[in-house]
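The values are calculated or read from the model by the stated rules, or taken from the named source; none is laboratory data. Note that this is a predicted model, so its numbers are computed, not measured. Here the Cβ positions follow ideal geometry from the backbone for every residue, glycine too, while neighbour counts run over all protein chains shown. All accessible areas refer to the heavy atoms of the entire protein, side chains included, with ligands and DNA or RNA removed. Shrake-Rupley method; radii C 1.70, N 1.55, O 1.52, S 1.80 Å.
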Amino acid sequence: MQTPSLAKELALLALLATLWGASYTFIRVGVETIPPVTFIAARTLIAGGLLLAIIKLRGLVLPRDPAIWKRFLIQACINSVIPFTLIAWAELTVNAGLATILNSTTPIFAFLLTVLITRHEAVTTRKVFGVAAGVIGISLIIGLEAFNGIGKELVAQLAIVAATISYAAAAILGKGFKNLDPMMPAAGSMLCGAVILIPVSLVVDRPWTLAPSAHSLLALLGLAVFSTALAFVIYFRLINTLGTVGTTSQAYLRVPIGVGIGVLFLGESLASTAWIGLVCVIAGVAAMTLPGRKKAAIAA
């Protein structure tokens, strides 16, 4: 196998941050007229079906080993079913910006789980610096006043934190799919998620009685195709090229990218400290993703 290009992997990291950065707005718009469980069930079904179709077009087949599907099921629970549903429910009351802030702490939890439990990646001073720089950068970019809403919807906000911890655990377990084409765990976990969520949706929400708006349906489609199907293929690739902590560092990039989209398309303004924060974020991501001096290639 050829060693992957670092520049290409970092470009994919930025793309993943953009796709997932947009997901909070998609969710916020979607749950306005589609209940969270049904919204996420449809998200996983559409994404899984699309990935399955692409796999067939490529002439590939999903694994048939029951042990692999058991791992797909576990990955589905901690990387889609639980966090997707928690965030969608939370965004009934929590705005998309605050959800982005709270969920951007994924690298911190991935780092802590690595340090305290798995120890599958080296814990270096550089990575500690990366975590700290990322947190400081987010605070400066958003402006500390953005945190004023914390506590007003405590249960919903704690749900987002729980989803963040779930994502961190999923990033670590995702290393187990190293020998599979990245599209396989992406499709397998989405299909498993749909199998879990669709029956719940039918019982709880009775989706045939709903009347979703066109905006919510378009948000669902954008979320499923771009922020889920495409994003998870990139995600499982990066887990094996940039590593767990490196891949989760895209959570920091989501914030400046989201703010940048607001500046360009919505006329929003940056906090006065934003540019300093952006430098901190870039430094933090670099510290957690660039290889050490002794390594010419990306660690697998």
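Just a few scattered comments:
- For the stretch 66-124, filtering for residues that are at pLDDT 90 or above, surrounded by fewer than 23 Cβ atoms within 10 Å (Cβ to Cβ) and of a type in the set (A, V, I, L, M) leaves 7.
- Unmet requirement for Trp20, which otherwise passes all of (1) open to solvent by less than 20 Å² (accessible area, probe 1.4 Å); (2) within 16 Å of the chain's Cα centre (by Cα); (3) within 19 Å of Ser166 (Cα to Cα): (1)
- Residue match in the stretch 218-226 (condition: surrounded by 23 or more Cβ atoms within 10 Å (Cβ to Cβ), at pLDDT 85 or above, aromatic (Phe, Trp, Tyr) and within 26 Å of Leu52 (Cα to Cα)): no
- Residue that is farther than 30 Å from Leu112 by Cβ, open to solvent by less than 20 Å² (accessible area, probe 1.4 Å) and either among the small types (Gly, Ala, Ser) or out of contact with any His (no Cβ under 6 Å at 6 or more places or on another chain) (or both), where the choices are Ala194, Ala214: Ala194
- Within the stretch 234-252, if we keep just the residues that are within 18 Å of Thr105 (Cβ to Cβ) and of a type in the set (Val, Ile, Thr), the residue that is surrounded by the fewest Cβ atoms within 10 Å (Cβ to Cβ) turns out to be Thr244.
- Qualifying residue in the stretch 162-172 (condition: open to solvent by 20 Å² or more (accessible area, probe 1.4 Å) and at pLDDT below 75): no
- For the criterion of being at pLDDT below 90, closer than 30 Å to Gly59 by Cβ and surrounded by fewer than 23 Cβ atoms within 10 Å (Cβ to Cβ), Gly143 fails.
- The residues of the stretch 197-211 that are open to solvent by 50 Å² or more (accessible area, probe 1.4 Å) and closer than 24 Å to Ile78 by Cβ, listed by number, are Ile198, Pro199, Val200, Leu202, Val203, Val204.
- Of all residues in the stretch 175-191, none satisfies being open to solvent by 30 Å² or more (accessible area, probe 1.4 Å), within 14 Å of Asn103 (Cα to Cα) and either at pLDDT 80 or above or touching a Lys or Arg at 6+ places or on another chain (Cβ under 6 Å) (or both).
- Filtered residues of the stretch 38-61 (kept if more than 18 Å from the chain's Cα centre (by Cα) and open to solvent by less than 30 Å² (accessible area, probe 1.4 Å)): Thr38, Ile55
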